[in-house]
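Here's the structure, in structure tokens; my notes come after.
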Amino acid sequence: MQLQILMNITIAFIWMFFYNSWNLGTFFNGYIIGLGLLFALRRFIPGPFYFKKIVAIVKLIFLFLKELVLSSVFVAKEVLRPKLRMRPGIIAVPTCLKSDWEITIFACLITLTPGTLTLEVSPEGDVLYIHSMDVPDTEEFIDQIKNTFEKAIMEVSR
């Protein structure tokens with residue numbers, strides 16, 4: 001992946017050199033041309049096409065922002081409601097993530113989302129204990145977390 005990024009930036013600088021224009025627009029055009037060249041020649045370059053990882057990272061960021069807004073609205077509505085109808089709970093969420101980096105990102109994203117908090121990670125790293133402000137159905141809660149954050153993290157890291 002690093003080799004592909006370096007090649008793409010080199011192609012962008014060569015493009016700027018050929019046009020004798022050293023501005024951001026020419027660099028961007030060269031970067032897009034380099035991206036197209038690397039995509040066309042991807043079977044000759046080792047490793048998967050690096051732009052897929054960048055798209056996965058952007059999707060993870062937007063997923064987190066979406067969850068952040070939705071959960072913030074939910075928490076605000078629950079706090080402002082005259083009668084609390086929350087059902088707090090601690091849920092053990094099994095995870096398929098293996099590396100420490102993946103588990104740390106997963107735990108941080110859950111903690112940064114309002115209404116949830118990662119309490120502990122099992123010593124084996126295969127279960128996260130999460131406190132949630134409202135848990136009407138534990139299976140649905142586990143499925144939602146696994147289908148959002150865990151899936152997006154696996155796209156980025158694997």
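Read-outs throughout are calculated quantities, based only on the coordinates presented, and are distinct from any laboratory measurement. Here the structure is a predicted model, which means the values were calculated and not measured. Please note: Cβ atoms are built from the backbone with ideal geometry, for glycine as well, and neighbour counts cover all protein chains shown.
See the values below:
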item: GNM result for the chain, Cα springs below 10 Å: residue of Ser21, Ser99, Ser122 fluctuating most strongly; result: Ser21
item: Mean residue ellipticity (222 nm) of the chain, computed from DSSP H runs ≥ 4 via -39,500 (n - 2.57), nearest 500; result: -19500 deg cm²/dmol
item: On Cα atoms only, tilt of 2-19 relative to the major axis of the chain in degrees; result: 40 degrees
item: Protection proxy ranking, peptides 102-113, 123-134, 57-68, average beta carbon neighbours within 10 Å, highest first; result: 102-113, 123-134, 57-68
item: Global form of the stretch 52-157, assessed from the alpha-carbon gyration tensor, a/c cut-off 1.5; result: oblate
item: Of Lys52/Lys98; Lys77/Lys98; Lys53/Lys146, those spanning more than 30 Å from alpha-carbon to alpha-carbon; result: Lys77/Lys98
item: Net dipole in debye of the chain [+1 Lys, Arg Cβ; -1 Asp, Glu Cβ; about Cα centre; nearest 20]; result: 600 debye
item: Residue order, fewest to most surrounding Cβ atoms within 10 angstrom, among Trp101, Trp15; result: Trp101, Trp15
item: Residue-wise HN-Hα coupling along the stretch 141-149, computed from phi with Karplus coefficients 6.51, -1.76, 1.60 (Hz; x: Gly, Pro); result: 4, 4, 4, 5, 5, 5, 7, 9, 5
